Amino acid sequence: MTGEEAPQKLRERLASRWIRGASWAVDFALRVDRRQVLNPGGGIKPSEPIGPALKRLANQMRAEALKAGGVDYRGLGASTAYEQFRELTRSLPHCTSEDLGDRDHQLAFWINLYNVLILDAVIHYQVRGSLLRRPGFFRQAAYNVGGQRFSADDIEHGVLRGNRPHPTLRLRPFAPDDMRRQLSLDPPDPRIHFALNCGARSCPPIAFYDGEQIDCQLDQAASAFLNSGGARYDPEHRVLWLSKLLDSYSIDFGGEQGVFALLERYSQDEALRDALARGDVRLRFQPYDWSVNAVL
């Protein structure tokens with residue numbers, strides 16, 4: 001080890017201890033049991049690749065559960081599609097990085113896994129009302145994937161956001177010596193925020209993705225979200241109302257200018273595009289509705 005490497009190794013060890021300690025403290029406060037996952041026990045490795053199998057069953061669940069006005073969680077929990085999906089989750093501990101394929105297929109796999117994990121966790125924990133009433137939900141909801149525990153927070157912030165800090169906790173999910181860090185997709189694709197459904201009414205709609213078409217699908221997700229209420233321009237008062245997602249994850253989009261560039265790319269509102277070109281907008285953020293997206 002050279003003289004330059006020694007301080008770096010020491011910094012990494014100290015950072016790992018601090019992150020692990022802070023993460024343990026958060027889990028203790030939120031009553032999160034890290035030994036618990038929603039796919040306990042062992043299963044057999046699936047006969048078909050895990051990514052396509054996950055997407056196929058996820059789409060079946062979506063067809064069963066998605067109703068006008070929300071998700072029929074009660075009906076989904078009693079469905080054959082959900083039973084088959086639960087069986088598939090038992091094979092996730094056997095999943096390896098080689099099974100996931102290249103970056104595009106990894107991106108699709110982790111987005112899909114996050115979205116079905118949330119569905120599964122809402123059913124398992126019988127979440128009602130607001131997700132804010134269960135503050136540990138996104139750390140309790142977890143699967144064993146490849147022998148490692150991945151919570152919803154780990155998937156979103158550790159894998160899909162390239163191990164960037166949680167917007168509220170300001171804590172990176174994976175320490176420098178955490179084996180899961182090898183799966184972080186860095187640099188992250190900010191369009192993931194238009195594809196992840198956290199179970200709240202203000203989230204983007206539930207959808208599932210293909211590795212072969214992920215770039216086009218994420219473009220479609222971004223356009224659909226921003227043009228269906230995620231960005232609303234009031235020309236009379238020159239006020240641009242944006243989803244809170246664009247505020248919470250501003251760093252992923254490149255700050256305010258990055259958000260404006262995103263709108264110039266995807267917005268179909270000519271008045272908004274003209275106002276952005278003039279630099280004549282005032283930003284406001286819409287309140288986020290954390291109510292569970294269940295059928296009322």
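Whether a residue is under 22 Å from LEU132 (Cβ atoms) and small (Gly, Ala, Ser) was assessed, and ALA175 does not pass this test. Residues that are touching a residue at least 40 places away in the same chain (Cβ under 8 Å) and either assigned to a loop (DSSP other than H, G, I, E, B) or farther than 26 Å from GLU98 by Cβ (or both) were ranked within segment 178-187; the one that is farthest from the chain's Cα centre (by Cα) is ASP178.
Note on segment 200-229: among residues that are assigned to a helix (DSSP H, G or I) and among the hydroxyl-bearing types (Ser, Thr, Tyr), the one that is most open to solvent (accessible area, probe 1.4 Å) is SER228. Just one of the listed residues (TYR73, TYR82) is modelled with pLDDT of 95 or more, among the aromatic types (Phe, Trp, Tyr), open to solvent by 10 Å² or more (accessible area, probe 1.4 Å) and in contact with a strand residue (DSSP E or B) (Cβ under 9 Å, 6 or more places away or on another chain), and it is TYR73.
Among the conditions (1) open to solvent by less than 70 Å² (accessible area, probe 1.4 Å); (2) part of a loop (DSSP other than H, G, I, E, B); (3) modelled with pLDDT under 95; (4) not charged (D, E, K, R), the only one that TYR288 does not satisfy is (3).
On the stretch given as segment 273-285, residues that are assigned to a helix (DSSP H, G or I) and charged (D, E, K, R) total 3.
A quick yes/no check of all residues on (1) of a type in the set (Lys, Arg); (2) within 25 Å of ILE155 (Cβ to Cβ); (3) in contact with a His (Cβ under 7 Å, 6 or more places away or on another chain):
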site: PHE194; (1), (2), (3): no, yes, no
site: CYS216; (1), (2), (3): no, yes, no
site: ALA231; (1), (2), (3): no, no, no
site: SER248; (1), (2), (3): no, yes, no
site: LEU263; (1), (2), (3): no, no, no
site: ARG273; (1), (2), (3): yes, no, no
site: TYR288; (1), (2), (3): no, yes, no
site: VAL292; (1), (2), (3): no, yes, no
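Of the residues that sit in segment 155-177 and are under 17 Å from ASN197 (Cβ atoms) and in a helix (DSSP H, G or I), which one is most open to solvent (accessible area, probe 1.4 Å)? Across segment 155-177, the extreme among qualifying residues is GLU156. Consider SER47 carefully, then state whether it is small (Gly, Ala, Ser) and assigned to a loop (DSSP other than H, G, I, E, B). Yes, satisfied. In segment 89-97, the count of residues that are open to solvent by less than 80 Å² (accessible area, probe 1.4 Å), closer than 14 Å to VAL116 by Cα and of a type in the set (A, V, I, L, M, F, W, C) is one or more. Pairs linking a residue in segment 67-83 that is of a type in the set (Val, Ile, Thr) to a residue that is open to solvent by 20 Å² or more (accessible area, probe 1.4 Å), with Cβ atoms under 6 Å and 6 or more positions apart or on different chains, are VAL71/ALA294. Whenever a residue of segment 93-112 is modelled with pLDDT of 95 or more, its partners that are of a type in the set (Lys, Arg), lying with C-beta atoms within less than 8 angstrom and at least six residues away or across chains, give the pairs ALA108/LYS55; ASN112/LYS55. For segment 244-272, the set of residues classified as closer than 22 Å to CYS216 by Cβ, part of a helix (DSSP H, G or I) and open to solvent by 60 Å² or more (accessible area, probe 1.4 Å) consists of GLU264, ARG265, listed by residue number. One residue alone among ASN39, ASN59 is touching a Leu at 6+ places or on another chain (Cβ under 6 Å) and either open to solvent by 80 Å² or more (accessible area, probe 1.4 Å) or closer than 28 Å to ILE214 by Cβ (or both), and that residue is ASN39. Among the residues of segment 113-146, the ones that are at pLDDT below 95, in contact with a Phe, Trp or Tyr (Cβ under 8 Å, 6 or more places away or on another chain) and in a helix (DSSP H, G or I) come to 1 in all.
The values are calculated or read from the model by the stated rules, or taken from the named source; none is laboratory data. The shown structure was predicted, so the numbers you read here are calculated from the model rather than taken from an experiment. In this analysis, Cβ positions are derived from the backbone assuming ideal geometry, glycine residues included, and neighbour counts consider all displayed protein chains. To get the accessible areas, we keep the full protein, side chains included, count just its heavy atoms, and leave off ligands, DNA and RNA. Shrake-Rupley method; radii C 1.70, N 1.55, O 1.52, S 1.80 Å.
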